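> Handing you a structure now.
FYI, it's all coordinate maths here, none of it is from the lab. It should be emphasised that the depicted structure is a prediction, and the values quoted were computed from it without experimental measurement. All Cβ positions, glycine included, derive from the backbone under ideal geometry; neighbour counts span all protein chains shown.
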Amino acid sequence: MSTQKKPAPPPASRPSRWRRKLVLFVVLPVAAFLAFFKWVVAPMVVRQGVMAAVAARICGRVEIRSASIGFREVELRGVSLFDATGRVAGTADAVVLRTDRFPVGFGTPSIESILLIRPDILMTLEPDGEFDLQRVLAAPPSTAAPAPEVSGSSNTAPPPPPPTSLFLPEKIAVEDGTLRLVTPLVSPTFSGLDATLVVEARRFTLENAAARTFGGRASISGWLGRGSEEGWSVKVNVADADVVELVRGTKLEGHRLAGRLDGYLTLVRGSTGAAVGAGWLDARDGRLLDLPVFLSVFNILQLNSPGESFVKTCRTDFHVLADRLHVERWYVITDGICLFGDGDILFDGQRLDLDFVPRLSPEPPEGYETLAEAEQPVADFIRKNVLVSVDVTGTWMAPVAETTPLRVITKPLKDFFGLLKGKGSR
Amino acid sequence: MKRLALLALLVAAGCTGSGTTTARTDDELVEDQAIAAEVNRALSRVEGVDRLKIQIEVVRGIVSLTGPVSDEASAKAACAAARRVDGVKGVRDLLERVDH
C-alpha cells in the first residue's frame, strides 16, 4: 500500500482575504457613501432646492422639516407655507412628489404627480375682496419682466407677462385635507377633504371636492387666481349639517337651537372687488324659534316664546351684495305660528333691516286685507285676515321690533301663502 | 368620452371664469349666482341626482351642468328642472351618465 501525496489544495484564505479587502475598502465605503448620499445629502439638497424653488415663484416661502427620497419619489414631511409677513398660510403633514427620474444628480427632474397628505389651509377673505392665499401664490415682484426699452418713437409697453410658471403637474391630489374659509358671511371649516386641484398658469381650480362640515356632508368647488387681478369663485354645498355644531362657539350657543341644515352658497369676486353671490339655507326637524330675531317678533306680538315648537319648514333665499346680505324670502312654518320675512342684514355691525309678516295659523288668510294703522297688541289682528308687518332693526343679538302697517303684498309673500295652502310651486 | 367631457368642462370653466371678473356687472353676477342657487335647490328634488356632486355655472342666464348622474333619465330630469327656474335662458347638459 503506497501512500500517494495528494496535491495541496489552493489556499482558501487568499480569495477570502481579497474578498474581505474588497468589502472593507470598496463595497463598504461605497455603500456608506450611497447611504450618506441617500439619507443625508440628497434629502438636504432636495429640501433646500424645493424651498428655494418655491420662494422664487410665489410671494411667500415654504419650510420643510425633513425629506426622504426614493428611486423616483420625494417625500417632504412637516411642510409649512408662509406669507410675506411670516404668517402661516397652510401646512401639510407630508407632500409626496413623484418624479420622472432619480431626484438628485441626474439633471432637473420633472414632477409627474403631487399628493398633499393632510394639508390644513387657511383662506381669509380680506376687505378688498381678495383671499390672502392669492397674495401668497402670486408671482414675486422680482420675477416681473424688465421695463421695455424705448426704441424709436414707440413707447407702448408690452402686455404683462403671465405669472411665473410653478413647474407643477396638471393635477395635485389632496388627501384628508382641512380647509378653513374665513369670510364676513360665514366661516366654515371643511375636514376630510379629498380633492383634485387643477393647476394652470394663472389659477388653481378645485373640482367638486367631498368634505365634512358642521357634522354634515359638504362639497366645495371653485378657483383661485394667482394675484389680485385674477379673481376667484367659491361654491359650497352642504347637506344634513347640525345646527348645534353651527352655533358652537358663537353668541348663539346658549340658545335652545337644534335641527339639521341643507344649503348652498356661491360667491365670486365682483367687478368692484367685493364678494357677491347668492345662496339658500333650509332647516328641518329643528328648534329655531329661540333665535333673538324671532323672539323680538314674538315679544312685540305679546306672544309667549314657542321656543320648543318644532319648525316644520324654514327656508331662506338670499343674495350676497357688496355691503349686505339681502334676504329675498324667509319662510318659517310651525304648528303654532308662521312667519314670512325679507330684508337686509348689513355686514357692518350686522345691523338688521328685516320685515316679518306673522300668521298665528298654519292656514293662509282667506283674503289679503292689510292693516292701515297698527296698534298693539296686534295678535288679535293677525289671527284674523288682517296682516301687519313687524319691522326688526338693531343687531343680530339685540334686535328691536316694531309693528308697522303692511301696505303691499309682494309676490314672495303671495308665494308663501300659496305654500301654506299646499299650492306653492317653490 | 371622459376626455371630451373634461375638455368641455375646462372650456366652460375658462369662459365663465374670465367672464365673472371682467365682462359682467355686479348686478348681472348676483343674478347669475341667484339662478345657480335656485337650480341647485331644484336639483335636490330630482331623483338620481346628488346635488352635492353637480357643478352649476351660470353666465347671463345660460346654465351649464357638470358632474355625475345615475342615468340618462336623471340627466334629462336635471336639465328640465334647471330649465324651469326663473331667469334661465338655456341649459348646457355636460352631465356624465355613470351607467354608461
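> Over all Cα pairs of the range A:208-314, how is the pair count split among 5 Å bins, expressed in % and running from 0 up to the last occupied bin?
2, 11, 16, 17, 16, 13, 11, 7, 4, 2, 1
> Got a sec to turn the phi values of the range A:270-286 into Karplus ³J(HN,Hα) couplings, 6.51 cos²θ - 1.76 cosθ + 1.60 with θ = phi - 60°, whole Hz, x for Gly and Pro?
x, 5, 8, x, 6, 6, 10, x, 7, x, 8, 9, 10, 10, 8, 6, x
> Still on this structure, please answer the following. Kindly state, to the nearest 0.05, the FRET efficiency for A:Glu126 paired with A:Val30, given R0 = 51 Å and r defined as their beta-carbon distance.
Efficiency computed from Cβ-Cβ geometry: 0.40.
> A further question follows. Multiply the residue gap between A:Thr395 and A:Arg17 by 0.36 nm, knock off their C-alpha separation, and tell me the result in nm, one decimal place.
Once the chain is fully extended between A:Thr395 and A:Arg17, it gains 127.0 nm.
> Averaged across A:116-128, how many Cβ atoms of other chains sit within 10 Å of each residue's Cβ atom?
Whole-number average of other-chain Cβ neighbours for A:116-128 is 0.
> What does the charge add up to near A:Arg135, with Lys and Arg as +1, Asp and Glu as -1, over the other residues with Cβ less than 9 Å from its Cβ?
So the surrounding residues net to -4.
> A further question follows. If R0 is 25 Å, what FRET efficiency do you get for A:Ser66 and A:Glu112 from their C-beta distance, rounded to 0.05?
Rounded to the nearest 0.05, the efficiency is 0.65.
> Once phi is turned into θ = phi - 60°, what whole-Hz ³J(HN,Hα) does the Karplus curve with 6.51, -1.76 and 1.60 give for every residue of the range A:195-206, x standing for Gly and Pro?
After applying 6.51 cos²θ - 1.76 cosθ + 1.60, I find 8, 10, 9, 8, 9, 10, 4, 9, 7, 10, 10, 9 Hz.
> So, one more: Check which residues have an amide H placed less than 5 Å from A:Val182's amide H, if you skip close sequence neighbours.
A:Met123, A:Thr124, A:Leu125
> While we're here: Would you please give the residues with an amide H less than 5 Å from that of A:Ser113, counting only those at least 5 places away or on a separate chain, with H modeled from the backbone geometry?
A:Arg98
> I'd like the distance separating the alpha-carbon centroids of the range A:38-117 and the range A:209-238, in whole Å.
25 Å
> A further question on this structure: By per-residue mean of other Cβ atoms within 10 Å, what is the highest-first order of A:15-25, A:389-399?
In descending order of packing, they fall as A:389-399, A:15-25.
> Continuing with the same structure: Once label points are set 7 Å from the Cα along Cα→Cβ at both A:Val40 and B:Asp26, what is their separation, rounded to one decimal in nm?
The two pseudo-label positions are separated by 6.1 nm.
> A follow-up question, please. How many partner chain Cβ atoms sit within 10 Å of a residue's Cβ in peptide A:83-96, on average, as a whole number?
Taking the mean over all residues of the peptide, I get 0.
> Can you give the mean number of other chain Cβ atoms that lie within 10 Å of the Cβ atoms in peptide B:66-78?
Per residue, the number of nearby Cβ atoms from other chains is 1 on average.
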